[in-house]
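Undergrad: Got a structure here, written out as structure tokens. Questions coming.
The values are calculated or read from the model by the stated rules, or taken from the named source; none is laboratory data. Nothing here was measured: the structure is a model prediction, and the numbers come from that model. For neighbour counting, all protein chains shown are included, and Cβ atoms are generated from backbone atoms with ideal geometry for every residue, glycine included. Side chains included, ligands, DNA and RNA excluded: accessible areas come from the protein's heavy atoms. Shrake-Rupley method; radii C 1.70, N 1.55, O 1.52, S 1.80 Å.
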Amino acid sequence: MQTLAVDHPLVAHKLTTLRDVRTDSPTFRRLADELVALLAYEATRDVRVTGVTVRTPLVETAGVQLASPKPLVVPILRAGLGMLDGMTRLLPTAEVGFLGMVRDEGTLQAETYATRLPDDLSGRQCYVLDPMLATGGTLAAAIRLLFDRGADDVTAICLLAAPEGLKYLEQTFADLDAPVRVVTAAIDSHLNEQGFIMPGLGDAGDRLYGVV
């Protein structure tokens, strides 16, 4: 598994404002959208392309376009929805699937309550959107589901990651013969006793959409 913590002053600046408890939901949503676009730029460095020839106003020249099958973007509900616009702005031709998962706060295990994905993902590159990689259980379950349906390359984009969650993903997919990547704005210190990332930014879903 590969992990990339994007080292860029704009990423750090936007993340700092996201962490601030005084940042309201509209501002949080806007900054999360902007931050995801920056992370997506790094996350798509290995997106598959195919060569094409186009005609400029002067001559023909070689170029590339996204290869088929199209990449699949998969936000994990509900907080992952706040990352979707930033990702599809960079990949407007990508297809979008949805995965509803919730973490049991007692067991810290992920449970799936909704799935809207193609049954066959053979040959597909998938990009999973999940703001917080904490224990790793939710993200690991999502990635496993995609591979079980035939995906052969999965990249997770997270606003924040904890060392414990990264370690869990590495152990879970250590024997998998397929690329797994995590792209994040920062790797924080640790998880507290409740399984929240420290220093973190709180509950991403609540800060995006309010407490419901």
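Undergrad: Any idea what the relative contact order of the chain is, in percent, if you count C-alpha pairs under 8 Å spaced at least 6 apart?
TA: Once divided by the residue count of the chain, the mean separation gives 24 percent.
Undergrad: Work from the charge dipole of the range 1-120 (Cβ charges, +1 for Lys and Arg, -1 for Asp and Glu, about the Cα centre) and give the residue of Leu38, Val54, Ala79 farthest towards its positive end.
TA: So the residue we want is Val54.
Undergrad: Dipole of the range 75-183, Cα-centred, from +1 at each Lys and Arg C-beta and -1 at each Asp and Glu C-beta, to the nearest 20 debye?
TA: That gives the range 75-183 a dipole magnitude of about 300 debye.
Undergrad: Right, next: Need one word for the range 85-182: rounded, prolate or oblate. Basis is the Cα gyration tensor (sqrt eigenvalues a ≥ b ≥ c); a/c below 1.5 gives rounded, then a/b vs b/c decides.
TA: rounded
Undergrad: Here's something else I'd like to know. Using a Gaussian network model of the chain with C-alpha springs under 10 Å, which one of Leu35, Leu90, Leu166 is most mobile by mean-square fluctuation?
TA: Result for the chain, Cα springs under 10 Å: Leu90 fluctuates most.
Undergrad: When the chain is treated as a GNM, springs tying every alpha-carbon pair under 10 Å, which of Val102, Val49, Val182 comes out with the largest mean-square fluctuation?
TA: For the chain, modelled as a Gaussian network with Cα springs under 10 Å, the answer is Val49.
Undergrad: Tally the DSSP beta bridges in the chain and give the antiparallel ones as a percent, rounded to 5.
TA: 40
Undergrad: Let me ask something additional. Could you size up the charge dipole of the chain around its Cα centre, putting +1 on the beta carbon of Lys and Arg and -1 on that of Asp and Glu, and report it in debye to the nearest 20?
TA: In total the dipole reaches around 600 debye.
Undergrad: Another question, if that's okay. Put +1 on the Cβ of each Lys and Arg and -1 on the Cβ of each Asp and Glu in the range 134-212; which of Gly200, Ala161, Leu145 then has its Cα farthest toward the positive end of the dipole?
TA: Working it through, the farthest residue towards the positive pole turns out to be Gly200.
Undergrad: Starting at the first residue of the range 59-66, write each ³J(HN,Hα) from the Karplus equation 6.51 cos²θ - 1.76 cosθ + 1.60 with θ = phi - 60°, in whole Hz, x for Gly and Pro.
TA: Those phi angles translate into 8, 7, 8, 7, x, 9, 9, 4 Hz.
Undergrad: Accessible area per residue, 1.4 Å probe, Å², for the chain: what's the number?
TA: 50
Undergrad: Let me ask something additional. Out of the total accessible area of the chain (probe 1.4 Å, heavy atoms of protein only), what percent is carbon and sulfur?
TA: Carbon and sulfur atoms account for 52 percent of the accessible area of the chain.
Undergrad: Charges only on Cβ, +1 for Lys and Arg, -1 for Asp and Glu: so what's the dipole of the range 1-75 about the Cα centre, in debye to the nearest 20?
TA: Computed charge dipole of the range 1-75: roughly 140 debye.
Undergrad: Rounded if a/c is under 1.5, else prolate if a/b is larger than b/c, else oblate: which is the range 28-97, with a ≥ b ≥ c the root eigenvalues of its Cα gyration tensor?
TA: prolate
Undergrad: Between Ser189 and Leu176, how many nm apart are label points set 7 Å from Cα along the C-beta direction?
TA: The modelled label-to-label distance comes out at 3.0 nm.
Undergrad: Using DSSP to call loops (not H, G, I, E or B), can you name the GluC sites (Glu not before Pro) in the range 1-85 whose Cβ has at most 16 other Cβ atoms within 10 angstrom?
TA: Counting only loop positions with at most 16 other Cβ atoms within 10 Å, none of the GluC sites (Glu not before Pro) in the range 1-85 qualifies.
Undergrad: May I ask you to compute the full-extension gain from Thr115 to Val49, defined as 0.36 nm times their residue separation minus their alpha-carbon distance, rounded to one decimal in nm?
TA: Separation in residues times 0.36 nm, less the Cα-Cα distance, equals 21.0 nm.
Undergrad: Sticking with this structure for a sec: Quick one: give the max-minus-min coordinate of the C-alpha atoms of the chain along each principal axis, largest first, in Å.
TA: For the chain, the Cα extents along the three principal axes come out at 61, 37, 29 Å.
Undergrad: Now a separate question. So between Arg144 and Glu60, what do we pick up on full extension, going 0.36 nm a residue minus the alpha carbon distance?
TA: Value of the extension gain: 25.9 nm.
Undergrad: For the range 1-125, what class follows from the C-alpha gyration tensor (a ≥ b ≥ c being the square roots of its eigenvalues): rounded when a/c is under 1.5, otherwise prolate if a/b is larger than b/c, else oblate?
TA: Here the range 1-125 falls in the oblate category.
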